[in-house]
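Okay, structure first, notes after.
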Amino acid sequence: MVFMNFKIAYYYLFILIIFSMFNMASCATPMKYDFENISYPEIDVVTEKRIGDVLLRQGIAIIYPAIEILIDINEPEFGDRYVKKGKYIAVKKIGDDIIYEPMKNDFERIVALGSLYLRLSANGLYVSGRINDEAITSKNIDENYYNKINVSEESLTNFQQTLIYTGREGNILKATYREFYGDIARSAFTIDVTYDLNSSNIIAFRNAELVIIEATNTKIEYIVRRNFN
């Protein structure tokens, strides 16, 4: 009977641990990010491009809350891991704390930090995570060693528009308009366009407007008056 009671107690303890782990994981919520339209090049600035270059690009950028670490930080409790200077973006919230990790293309920082991450709480910024299956939490990182910033990164998964210079034949200027979702061009929205420079040195497409200063079969100089949106 004692053995049976022990098995039942062990069973309930196991369920309690699983429930606690699930409950802790469920406390994590994804971050909400801001978005902004971005355009290249700048409006009313003389720009020079070569044949095959993008004359005009419109896309969407994601604005990430981020922490910029100003120096490499290596504490004894980190083991062979350390916080490499650079930018770390907010990826989720656990309760009132914000978790920061390297951006996906920051391979050098991902390797340096390993399974650790930055955690910003009301008590300050510190390093948390696990090393060799052992939970680790560092002392607070000195406020002089980091800044709270925002990081803007163009989203390659959202809608993008481009106008590409494809050359000149006589007084006819040629370009190609393309729309993308992610890194895939929409075939129905890849259009070759031509403009007669004898008629005007202003070219326009889908609300965008460019003033052509000079165009040859190898390069073009122009000013953007208006972008696609």
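The values are calculated or read from the model by the stated rules, or taken from the named source; none is laboratory data. Every value quoted in this text rests on a predicted model; they were computed, and no experiment measured them. We place every Cβ from the backbone using ideal geometry, glycine too, and count neighbours over all the protein chains shown.
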Test for GLY86: is it over 19 Å from THR29 (Cα atoms), at pLDDT 85 or above, of a type outside the set (A, V, I, L, M) and touching a helix residue (DSSP H, G or I) at 6+ places or on another chain (Cβ under 9 Å): yes
For region 163-190, give me each residue that is at pLDDT 90 or above and either closer than 17 Å to ASN37 by Cα or among the hydrophobic types (A, V, I, L, M, F, W, C) (or both). LEU163, ILE164, ILE172, LEU173, ALA175
Residue list for region 213-228, filter: more than 16 Å from GLN58 (Cβ to Cβ) and among the aliphatic types (A, V, I, L, M): ILE213, ALA215, ILE220, ILE223
With ASP53, ASP72, ASP44 as the choices, which residue is modelled with pLDDT of 85 or more, closer than 24 Å to GLY86 by Cα and exposed (fewer than 15 other Cβ atoms within 10 Å of the Cβ)? ASP72
In region 191-229, which residue that is aromatic (Phe, Trp, Tyr) and under 18 Å from GLY167 (Cα atoms) is modelled with the lowest pLDDT? PHE205
